Number of protein chains: 2
Amino acid sequence: MGRLTALAGGVGAARFLDGFIRVTDPSSITVIVNIGDDDEIYGLYISPDIDTIIYTLAGIADDVRGWGIRGDTFNCLEMLSRYGVETWFRIGDRDAATHIFRTMLLRRGLKLQEVTDIIRRRLNIKVRVIPVTNDRVETMVLTDRGLMSFQDYFVKRGFQDEVRGIIYRGVDKAEPAEGVIEAIMNTDGVIICPSNPIVSIGTIISIKGVREALRETKAKIIGISPIIGGATVKGPADKMLKGLGLEPSAYSVAELYRDFLDIFVIDEVDVGLKDKIEKLGIKVYVTNTLMKSIEDRVRIAREVLNLIFNNINVK
Amino acid sequence: MGRLTALAGGVGAARFLDGFIRVTDPSSITVIVNIGDDDEIYGLYISPDIDTIIYTLAGIADDVRGWGIRGDTFNCLEMLSRYGVETWFRIGDRDAATHIFRTMLLRRGLKLQEVTDIIRRRLNIKVRVIPVTNDRVETMVLTDRGLMSFQDYFVKRGFQDEVRGIIYRGVDKAEPAEGVIEAIMNTDGVIICPSNPIVSIGTIISIKGVREALRETKAKIIGISPIIGGATVKGPADKMLKGLGLEPSAYSVAELYRDFLDIFVIDEVDVGLKDKIEKLGIKVYVTNTLMKSIEDRVRIAREVLNLIFNNINVK
């Protein structure tokens, strides 16, 4: 089997990768992760998508909640609330260790990708995990209540506000991290995980050279739709698409990826969109994409692997 | 009752103050705390003596262990050890909140005394707690193994090394915090808590103007010996005195304080030192100074109050 590269946001990607590492050689996989919703909380540098991916790959993620570490306690946060600080971003005690360790290394001058690599190695993760950039890019959400950071929009306000626009603040100056472009160009398959097309994948492909690499690579590019039957399994992707004037559907996601996507994996309930998506020049593979159980995840991972390596006829 | 000022290190002082606040109006008390063993661990600014005093005054201290918060968990630290960092400094999860909060405010440009004041207010502490200085002074211990920070000497290596000298690094440039000199000059009584005379009280009285204020104030100055029968109840004071060529005894402590001390409270087992100490020009009050129970602490606090306000004959 060859090399594989995945573009990933948070939970949706983590669930897919959880199955994927069970049917592949993890050391052949590179995951390029969104950092647009990184934030500094209590002076600690938080990388929500990297943490979700890392915890999942290490087998310690809280899969039910969709964030943080399984069985974590919240005593530090409880004490912080006694000090009167806002605690809407739920940092567990074990989770805090990651933020403390990361912040310490960043302050020592290490790059985010170096820190991420140390963290994943210490947690015995074989998959290579790279933040898409070492520079700060902030996904800002323009809402009826004004411009806010993604965490403010998503966690603090529970994505209740109407979305009017997205700004990738800092994206014009951000350079792709070392290995990002190469991981897209020199690989056998690129997987666009079922992540938010606007804030997760959207940020990744906004970084200088990434979208161009996706267009130019000879590797097969397979996306998995994060939208099933017009809604997201988790998170605000559907609301965001709507806010930006797009239909919240697998078709809209395909449209956003039309310049580089070879095959799009959509759910059975969306089979009616197949023809429409194919007219964009994208092949469509229809399956049950809801990844509830480990079995679901492994099955989908196998199907994606087949699409990449066996030239399965996707009609 | 009038105003009172205490000079304090860690555990010994905390135990005394624990009784003292039960027999006085806490809002009439100012505690000036040592910061010489402050350290930065994982990029977090740690103030062990301030924390011990604050947690004790807030009624949440782990009195048995002598550090940290009662009933605290150590999940953050356990996770940090998975990241391969040293975890000999045992930071609990709730305790970590204090360090995170303090570090955040310091990085925003607040002074240590401002941060300390915010922390004690948020924990509903009526006693005014002031670090002796806002500047960094590091108590370095010169041992047979070289020069090391106090935490390295005390916690990491369990004070096993022979002490050859003490260096108050930075003390020449350190200014007393706002209110320190005034709290000594304009008060009715100054209490030198039963703390390490070398590293706790020693650091405090090394700060510019503090020793002079103690000599000049009209307030009665009462010290409580941290040495009972030639040994400390907790900590390395006896070993340090020996290392510096001094007899580890209440007498040696009295000698170190001879230029400002009015009355020295010593333990019954040290009654034989009474005459010798009095020859230094210091009055001596003999009592049971071991502060095991709350009752012990309250009794000693009452005795000290009597010495300050009732001109008890200490003969």
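The values are calculated or read from the model by the stated rules, or taken from the named source; none is laboratory data. As the structure is a computational prediction, the values presented were derived from the model and not from experiment. Because the Cβ atoms are built from the backbone with ideal geometry, glycine has one as well, and the counts that use them run over all protein chains shown.
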From the set of residues in the stretch B:65-76 that are within 14 Å of chain A (Cβ to nearest Cβ) and closer than 20 Å to B:N124 by Cα, which is surrounded by the most Cβ atoms within 10 Å (Cβ to Cβ)? B:D72
Please verify whether A:D62 is surrounded by 17 or more Cβ atoms within 10 Å (Cβ to Cβ), free of Cβ contacts under 8 Å to residues at least 60 places away in the same chain, farther than 22 Å from B:I100 by Cα and within 14 Å of chain B (Cβ to nearest Cβ), treating the condition exactly as stated. yes
All positions within the stretch A:88-98 that are under 18 Å from B:R94 (Cβ atoms), within 9 Å of chain B (Cβ to nearest Cβ) and of a type outside the set (A, V, I, L, M, F, W, C): A:G92, A:D93, A:R94, A:D95
Show me the strands (runs of 3 or more DSSP E) found entirely inside the stretch A:68-177 where at least 3 residues are over 30 Å from A:I21 (Cα atoms). A:138-143, A:146-149, A:163-169
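For A:D188, are the conditions met, namely being among the charged types (D, E, K, R) and buried (at least 20 other Cβ atoms within 10 Å of the Cβ)? Spell out how you get there, then give the answer.
Working: among the charged types (D, E, K, R): yes; buried (at least 20 other Cβ atoms within 10 Å of the Cβ): no.
No.
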Name the one entry in A:E216, A:E247 that is in the same structural domain as A:G9 (by TED's automatic domain parsing), modelled with pLDDT under 95 and of a type in the set (D, E). A:E247
Out of (1) more than 11 Å from chain B (Cβ to nearest Cβ); (2) out of contact with any strand residue (DSSP E or B) (no Cβ under 9 Å at 6 or more places or on another chain); (3) without any contact (Cβ under 8 Å) to a residue 12 or more places away in the chain, what's the single condition that is false for A:D152? (2)
Across the stretch B:114-138, which residue is nearest to the other protein chains (Cβ to nearest Cβ) among those that are of a type in the set (S, T, N, Q) and surrounded by fewer than 23 Cβ atoms within 10 Å (Cβ to Cβ)? B:N124
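Among B:M79, B:M104, which is more than 21 Å from the chain's Cα centre (by Cα), without any contact (Cβ under 8 Å) to a residue 24 or more places away in the chain and farther than 25 Å from B:R128 by Cα?
B:M79
Quick one: in the stretch A:27-59, of everything that is small (G, A, S) and closer than 23 Å to A:P236 by Cα, which residue is farthest from the other protein chains (Cβ to nearest Cβ)?
A:G36
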Considering each of B:A177, B:A219 in turn, give the residue that is aliphatic (A, V, I, L, M) and farther than 22 Å from B:I46 by Cβ. B:A219
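In the stretch B:203-229, how many residues are in contact (Cβ under 8 Å) with a residue 60 or more places away in the chain and either outside any loop (DSSP other than H, G, I, E, B) or touching a Pro at 6+ places or on another chain (Cβ under 6 Å) (or both)?
Within the stretch B:203-229, the subset in contact (Cβ under 8 Å) with a residue 60 or more places away in the chain is B:203-207, B:210, B:219-220, B:222, B:224-226, B:228.
With the extra rule that they be either outside any loop (DSSP other than H, G, I, E, B) or touching a Pro at 6+ places or on another chain (Cβ under 6 Å) (or both), the set shrinks to B:203-207, B:210, B:220, B:222, B:224, B:226, B:228.
Going through the stretch B:203-229 one residue at a time, the tally reaches 11.
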Within the group A:I204, A:I222, A:I266, A:I227, which residue is closer than 19 Å to A:F20 by Cβ, in contact with an Asp or Glu (Cβ under 8 Å, 6 or more places away or on another chain) and buried (at least 23 other Cβ atoms within 10 Å of the Cβ)? A:I222
All positions within the stretch B:230-244 that are within 18 Å of the chain's Cα centre (by Cα) and outside any helix (DSSP H, G or I): B:A231, B:T232, B:V233, B:K234, B:G235, B:P236
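If you go through the stretch A:276-286 one residue at a time, do you hit one that is part of a helix (DSSP H, G or I), among the aliphatic types (A, V, I, L, M), in contact (Cβ under 8 Å) with a residue 24 or more places away in the chain and outside the structural domain of A:S149 (by TED's automatic domain parsing)?
Restricting attention to the stretch A:276-286, the residues satisfying the condition of being part of a helix (DSSP H, G or I) are A:276-278.
When the remaining residues are screened for being among the aliphatic types (A, V, I, L, M), the result is A:277.
Applying the additional criterion that residues be in contact (Cβ under 8 Å) with a residue 24 or more places away in the chain yields A:277.
Checking which are outside the structural domain of A:S149 (by TED's automatic domain parsing) leaves us with A:277.
Yes, that holds for at least one residue.
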Are any of the residues in the stretch B:53-65 at pLDDT 95 or above, over 30 Å from A:G109 (Cα atoms), out of contact with any strand residue (DSSP E or B) (no Cβ under 6 Å at 6 or more places or on another chain) and part of a strand (DSSP E or B)? yes
All but one of (1) aliphatic (A, V, I, L, M); (2) at the interface with chain A (Cβ under 8 Å from one of its Cβ atoms); (3) within 16 Å of B:T52 (Cα to Cα) hold for B:M104; state the number of the condition that does not hold. (3)
